[in-house]
Every structure is written in C-alpha cells, then in structure tokens.
Amino acid sequence: MDALLERLADADDLPTEGHIEVYEDVHRGLRDTLTALDSRPGPPGPNRRHDDRS
C-alpha cells in the first residue's frame, strides 16, 4: 500500500497530461489488492435468515 501512495505522489512532479498514467497504475494496484483480499478464505459471515425480523 505504501508503494501505491508513493506512486500517487509521482503525479506532483508531472504535467497534467501525465497524471492519468499514475492514476491508472494506482487504481490497478488497489484493485489487485482488493481482489487478493476477496480471494483469501476468512471466517464465515453471520448466519442470518431472511425470516428473522425484530
């Protein structure tokens, strides 16, 4: 995650037309990180039934 923040800071030193490449790199990195988190097994979610109403 720190590498993505560092990459985002690269935009500060670039002309406006160079920002899109940085943003796309950061977006790709965030998407990959979230995808990896989703694919890891974790604890099961709560067992909720639709007919349980308060």
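The values are calculated or read from the model by the stated rules, or taken from the named source; none is laboratory data. Predicted, not measured: the structure shown is a model, and the values here were computed from it. Methodologically, a virtual Cβ is constructed for each residue, glycine included, from the backbone with ideal geometry; neighbour enumeration extends over all protein chains shown. Accessible surface areas use protein heavy atoms only, side chains included; no ligands, DNA or RNA. Shrake-Rupley method; radii C 1.70, N 1.55, O 1.52, S 1.80 Å.
Of Arg40, Arg31, the order by accessible heavy-atom surface (1.4 Å probe, DNA, RNA and ligands excluded), from most exposed downward, is Arg40, Arg31.
Using the beta-carbon distance between Leu14 and Ala36 and R0 = 30 Å, what value does 1/(1 + (r/R0)^6) give for FRET efficiency, to the nearest 0.05? My answer for the efficiency is 0.60.
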